[in-house]
1. Collect the residues in the range 232-253 that are near ligand 2 (Cβ under 10 Å from one of its atoms) and of a type in the set (Gly, Ala, Ser), keeping them in residue-number order.
2. Return the pairs, sorted by first residue and then second, in which the second residue is within 12 Å of ligand 1 (Cβ to nearest atom), the first residue lies in the range 100-115 and is among the hydroxyl-bearing types (Ser, Thr, Tyr), the beta carbons are less than 6 Å apart, and the residues are 6+ apart or on different chains.
3. For residue 235, indicate whether it is in contact (Cβ under 8 Å) with a residue 40 or more places away in the chain and surrounded by 21 or more Cβ atoms within 10 Å (Cβ to Cβ).
4. Do we find a residue being part of a helix (DSSP H, G or I), small (Gly, Ala, Ser), within 16 Å of ligand 2 (Cβ to nearest atom) and modelled with pLDDT of 95 or more anywhere in the range 53-72?
5. Quick test for you: out of 52, 78, 122, 99, pick the one residue that is in contact with a Gly (Cβ under 9 Å, 6 or more places away or on another chain) and within 13 Å of ligand 1 (Cβ to nearest atom).
6. Surrounded by 19 or more Cβ atoms within 10 Å (Cβ to Cβ) and in contact (Cβ under 8 Å) with a residue 40 or more places away in the chain: which single residue out of 254, 284 fits that description?
7. Residues of the range 120-145 being aliphatic (A, V, I, L, M), assigned to a helix (DSSP H, G or I) and without any contact (Cβ under 8 Å) to a residue 40 or more places away in the chain, which ones?
8. Quick check on my filter: what residues within the range 55-96 are hydrophobic (A, V, I, L, M, F, W, C), within 30 Å of residue 166 (Cα to Cα) and surrounded by fewer than 19 Cβ atoms within 10 Å (Cβ to Cβ)?
Amino acid sequence: MMERRDFSEYLAQAARETEQALDAILPEPEAAAERQLYQAMRYSVLAGGKRLRPALFFATLDAFSAPRAPFFHFAAALEMIHTYSLIHDDLPAMDDDDLRRGQPTCHKAFDEATAILAGDALLTHAFAVMARPILQVPAERQLKALGTVSWLAGVGGMVVGQAAELALSGQPLARAMLDCIYAKKTGALFSAAVSSAAILCGASDVQLHALGCYAEKMGLAFQVIDDVLDMESTADVLGKPVGSDEKNSRYTYASLLGCDAARHAAQTAAEEAVGYLVDFDRRADMLRQFPDFFVNRIS
Ligand code: FPP
Ligand code: MG
């Protein structure tokens, strides 16, 4: 059994590699008028963050014994998509939060228009980066990986989940509805990370299905704990405001069930997530660590 310390070191290494790749792929301004946009992109994407989606991408490469080096930029692109979603999520039109990753949110550090455009630019640049040819990966595999990320980050996942959450703010929601929203708004990007890595490695449809189910359940566990931390933690520890869900009149797992039962539900979802990896061998052991880590995280 791997020790927690080893897993933390695995995440730290993934974060270092992601940050190096981000620094290399973020564009440099060519004219003074472009400077603010580029500064805002770098400000948000290099502000810290746990780099969990790239780490999941790397752990999936491990499950297929694939080397990381040819894929660093692809993993960094996933982090750019995640960061765009955080920038837009924090805007006054959405959650209207002032703090993210321990620093003023992008629209506070710059202005709203710059924050919208920085998010747009991170999202679109991510796809340009993912489309760069990768040594020894057939183009049709890469095309399928791109299509999958696009679908899961957009109308097949994250954007739709976010839209549903906003549309239903203030309304009491059944648990099944929350499951559905969480699978999309949070699980879909985890799924994009593991599915794209698996596709690039030539995974079978059966393997892709199992990994998609794993990611969706893990997303549920992650988001339920996010709800709990929004109620129980502090802004200092989280690097973002607490009480954001209450402020936005949002029904969550934690408000529906209470924090203890919500934690229990997250633990169950985490165990179910690991169950979907039953047909993978020891090389998937790092993937098996994530759900439990997500349930026990403090930030
Ligand atoms: C925190 O991730 C993020 C979530 C809990 C996901 C919430 C979903 C959204 C913000 C989707 C928004 C979508 C749109 C289209 C605006 P984390 O704890 O990994 O954050 P970190 O990277 O800062 O560590
Ligand atoms: Mg939100």
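The values are calculated or read from the model by the stated rules, or taken from the named source; none is laboratory data. Everything quoted here is computed from the prediction, not taken from an experiment. For neighbour counting, all protein chains shown are included, and Cβ atoms are generated from backbone atoms with ideal geometry for every residue, glycine included.
1. If the condition is that a residue be near ligand 2 (Cβ under 10 Å from one of its atoms) and of a type in the set (Gly, Ala, Ser), then 244 is the only one that fits.
2. Between residues of the range 100-115 that are among the hydroxyl-bearing types (Ser, Thr, Tyr) and residues that are within 12 Å of ligand 1 (Cβ to nearest atom), the close pairs are 105/90; 105/97.
3. For residue 235, the condition - in contact (Cβ under 8 Å) with a residue 40 or more places away in the chain and surrounded by 21 or more Cβ atoms within 10 Å (Cβ to Cβ) - is not met.
4. no
5. 99
6. The unique qualifying residue is 284.
7. Matches in the range 120-145: 128, 139, 143.
8. The answer is 91, 93, 94.
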